Amino acid sequence: MPASISCSPSRLSNAAPETQDAPPRGCRPRPPLKKHARQASRHIGHERPRERLLAFGPQALTTAELVAVVLRTGTRGCGALALGHMLLDRFSGLRGLLAAPADALMSSNGLGAAKACVMLAIGELNRRALEEALAAGQPLADLHQAKRYCACRLSHLTVEHCLALYLDNQLRLISAEEVSRGTLTQAAVYPREIVKAGLQHHASAVILAHNHPSGTARASEADINLTQHLKRALALVDIRLLDHLIVAGPAVVSLVEQGKL
């Protein structure tokens, strides 16, 4: 999530130019390329992002170029690619951009309601795609998939949230629900509420996950005590606690992998 970025203005007519709004910070206009220069740039692989995507596939584009394809257009005096760079910088990367709320997106230069809605929709589709994969597969056999999903849901949050994944007897996802949210350092989790929801969903197993906004990727003593308390409470109604995941930014810690469950 470039020191300076050049943006090409629209082609000018012979008429006197109209007064333009100042471009967003980080953009400065440059003269348009002459025809032969534009053709030469195409020959050395400098096509616009959409053209490069069609020619070489999405994997050939940078993250900023992919954002530019989504945005489609920039603003007066600042192209879509420069705008993509600025958004990634403002939100500290793609994860922050896709997790940003509507008001934060719409307060960004160059993003109106339409573009903000597109970014919000893409973020939600990403979360739903991971959730769909969990529902179709076996999270215990593929813990990486569960980790990815929990990181997508929790890693960008600035206060502590706790999430419970309720699974059926084939370890497929029934529901993923927030069970608590708290302050920067803690959230109150009530095992009886998780047990109650587990019974309502006819769940056979649960995966618990919460984030550490501080970025500390290790279980605290309180985390371990909660895990053991919840494990005993769920066992009384024949529901297994499969794992407790701790999300700290991009890192996800499994208490099962650490031998603490």
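None of the figures in this text is laboratory data; all of them are computed from the coordinates on show. Source: prediction; values computed, not measured. Because the Cβ atoms are built from the backbone with ideal geometry, glycine has one as well, and the counts that use them run over all protein chains shown.
Return the FRET efficiency for the residue pair H229, L120: r is the Cβ-Cβ distance, R0 is 45 Å, and the value is rounded to the nearest 0.05.
So, using R0 = 45 Å, E works out to roughly 0.75.
Could you work out how much longer the chain between A217 and E177 gets when fully extended? Use 0.36 nm per residue separation minus the Cα distance between them, nm to one decimal.
Between A217 and E177, full extension yields an extra 12.2 nm.
Could you list Y166, Y190 so that the one with the fewest beta carbons within 10 Å of its beta carbon is first and the one with the most is last?
Sorted ascending by nearby Cβ count, the order is Y190, Y166.
What is the order of H156, H244, H229, fewest Cβ neighbours within 10 Å to most?
Going from sparsest to densest Cβ surroundings: H229, H156, H244.
Ranking I239, I122 by Cβ neighbours within 10 Å, fewest first, what do you get?
Exposure proxy ranking, most exposed first: I122, I239.
At 7 Å along Cα-to-Cβ for each site, give me the label-to-label distance between E51 and L157 in nm.
My value for the distance between the label points is 4.5 nm.
Put a dot 7 Å past each Cα toward the Cβ at E257 and A129; how far apart are the dots in nm?
2.2 nm
Using modelled amide H (1.01 Å from N, peptide plane; none on Pro or chain starts), what sits under 5 Å from the amide H of N211, excluding residues fewer than 5 places away?
Counting only residues 5 or more places away or on other chains, the set is H161, V247.
With the cut-off at 1.5 for a/c, could you classify region 143-203 from its C-alpha gyration tensor as rounded, prolate or oblate?
Note, shape of region 143-203 comes out oblate.
Could you name the aspartates and glutamates whose alpha carbon sits less than 20 Å from that of K115, not counting residues in the same chain fewer than 8 places away?
Within reach: D21, E65, D89, D103, E124.
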